[in-house]
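The values are calculated or read from the model by the stated rules, or taken from the named source; none is laboratory data. Note that the coordinates shown come from a computational prediction; the quantities given were computed from them, not determined experimentally. Don't worry about glycine lacking a Cβ; one is built from the backbone with ideal geometry, like all the others, and counts go over all protein chains shown.
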């Protein structure tokens, strides 16, 4: 090819990528000012959960969206993060910041160990295995006295502090923390998209045989995706524990959580950079509002909402809400 | 000419069915070899054994001076063997360019250099105008070119083409032939499985005819088409039908 043509293509591509990064930067900075306008605790709670699920879904999307290994057991990693952070803090006084990193590292190791066993399973069998393994984890925690068993773990009361991530009155710091967590997961995905792993994962998802013939090692690709995905999910779990100051097995490891991590990406656009956050912004406020206003004692209302949304999306927009927008990422397909 | 690829007594058995039996062939540096034979002759099996899609039951395969019998497909790509698939297997969630980038990443681990290599390769095979299209949107002949581009982007020493000239119009087929020649002239050795004798015979330097899993004949195309055993096994039926 003529040199100038390649270089103009490359310049256009680079510009598109930077535009995307700039857009994300602007959105994050704009979001950071939201607490100036939203003062009531309930709305703040909804915003924090929305960003948390955006970050979690972004993490889930790395393994399941990009690499195509659909996991419905990510509650296991979330729980690992929540329990590691809580146990280290409550039993040993280790600051949650270290707990978050430790929980993330532990979850990544567990993901590698489970991956070594499960990645030989294809498609639906893999998904079923993830559900079963997460349920086993839930049962184990339920019966582990050191971790509070079914009673859970209560964090000690203390003064508001960034060191211990405890803010009893004003929840704004949690908002900024989780916004930062989301920004990190988004940035990680943005970087991965234009890396060898990013291309390899998508190739593995689309056609494993063809990928292999092009020098892609399937197994190590899946392992890498699983470890990164589990790491960020566990950091989210650790944050959730600090945010609530109390965890029990069902609140951090139930199947419902695995579903809630997958849904935003599925609704917004699976395997895309912006899908998880768009899905979370649509889904989480809707379910929180439904739960508080209509829910009452009928605890299943939010599940009806998920089901309805999935059906509408599947029928009208199988590629997710993102496909409604004009190409958000000019860089993606130059 | 030195041997680039050597198959020694390669045998592959599927559930008791012998698909390849004691096949010993040599592919020399820089030649175009046609692998032909009637349906069920074992062409695809041999092709897949060379590419490493599945292991041999017995025998030995050497490539570029080293034994690759035990290497999986991905490692053979690293060693310098690239292939296309009979039914194109594009990555349909990705653009044409991104498909080729996947191939280029084997030699260019940085995504930026891989992208440059992929753009150059797409130009080489004549898909420049289609780089941004989703791979699934391509027409069947374009998909074949994409398969070739993806394989070429891995900078192979040996390129295995599986029926890339089958099912094309005469014009498409001519430009396909021209592309294959160009690839060979750039120094890449080619083995092609093909059904269409009229297209493949003028193109190849040498033909290997498989029949019932064994090598029936091997030699220059002009000799092969006159070989009574070959005519009986394969060409004969066509000629009678014509």
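Structural remarks
- Residue within region A:135-155 that is over 18 Å from residue A:236 (Cβ atoms) and under 20 Å from the mean Cα position of the chain (by Cα) present: yes
- Looking only at region A:159-206, and only at residues there that are within 14 Å of chain B (Cβ to nearest Cβ) and free of Cβ contacts under 8 Å to residues at least 12 places away in the same chain, the one that is nearest to residue A:101 (Cα to Cα): A:191
- Taking region B:42-53 as the range and being over 22 Å from residue B:231 (Cα atoms), in a helix (DSSP H, G or I) and within 14 Å of another protein chain (Cβ to nearest Cβ) as the test, the residues that pass are B:47, B:48, B:49, B:50, B:51.
- Qualifying residue in region A:51-73 (condition: on the phi < 0 side of the Ramachandran plot, surrounded by fewer than 23 Cβ atoms within 10 Å (Cβ to Cβ), at pLDDT below 95 and in a helix (DSSP H, G or I)): no
- Being more than 14 Å from chain B (Cβ to nearest Cβ) and closer than 21 Å to residue A:52 by Cα is a condition met by at least one residue of region A:210-226.
- Selection from region B:77-86 of residues that are part of a loop (DSSP other than H, G, I, E, B) and within 9 Å of chain A (Cβ to nearest Cβ): B:84, B:85
- Residue that is farthest from residue B:184 (Cα to Cα) [pool: residues in region B:16-41 that are at pLDDT 90 or above and in a loop (DSSP other than H, G, I, E, B)]: B:29
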